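Take a look at the structure set out below.
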Amino acid sequence: MAATSETRARIANGPRKWIAVAIAVLVLLGVVAVAFGPARSLLSPPGSSVAEFAGNGNLRTASFEVREGWAIHWESSGRHFAFSIGGDRDFGTVIDVNEPGSGVTSPVGHGRFYIDVQADAPWTLRVTQGD
């Protein structure tokens with residue numbers, strides 16, 4: 001029994017269709033992972049907020065991931081406010097003030113970090129993305 005040219009074409013194109021479907025699924029999964037996964041902070045534009053934290057006392061923040069050129073914008077209304085940065089690199093205490101204040105510090109390097117805050121009154125931190 002001889003196969004018709006239509007049957008031969010259908011058999012030849014079958015694997016191509018499955019390959020195209022597999023590629024489409026992989027691309028879709030990649031888009032979802034980038035949009036909602038852990039790489040999200042790395043894809044954020046320079047200067048955008050990576051994380052924001054607030055408290056009224058001591059706290060260790062959740063970790064966050066940043067590129068070179070990142071910054072921490074801080075504000076405190078208490079008599080004592082200090083924070084240290086740990087994670088991929090240990091910066092130690094970077095801010096230690098004994099009066100209300102605010103400012104920006106720009107640690108060098110990139111990676112995954114957390115912040116340990118020691119405070120006696122309300123405070124806020126905003127981490128912004130580097131270049």
In whole percents, the bins of 10 Å from zero upward hold the Cα-Cα pairs of the range 46-128 as 19, 57, 23, 1
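Normalising by the residue count of the range 46-128, find the relative contact order in percent from Cα pairs under 8 Å and 6+ residues apart.
Values: 222 pairs, mean separation 41.0, N = 83.
So the answer I get is 49 percent.
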Taking alpha-carbon centroids only, the range 104-129 lies from the range 75-93 a number of Å equal to 6
With label points set 7 Å from each Cα along the Cα-to-Cβ direction at ALA82 and SER49, the distance between them in nm comes to 2.8
Computed ³J(HN,Hα) along the range 86-103: with the Karplus parameters 6.51/-1.76/1.60, θ = phi - 60°, integer Hz and x for glycine or proline, the list is x, x, 4, 9, 8, 8, x, 6, 10, 9, 8, 10, 10, 6, x, x, 7, x
Between TYR114 and ALA62, the two model label points (7 Å from Cα along the beta-carbon direction) sit apart by a distance in nm of 1.3
Within the range 67-131, DSSP-loop trypsin sites (Lys or Arg not before Pro) with at most 12 other C-beta atoms within 10 Å are ARG79
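Give the order of VAL127, VAL66 when sorted by the count of other beta carbons within 10 angstrom, beginning with the fewest.
Details: VAL127 22, VAL66 25.
Exposure proxy ranking, most exposed first: VAL127, VAL66.
Here, each number is a calculation from the coordinates, and none is a lab measurement. Fair warning: this is a prediction, and the values are worked out from it, not measured in the lab. A quick note on method: Cβ atoms are made from the backbone with ideal geometry, for glycine too, and the neighbour counts reach across all protein chains shown.
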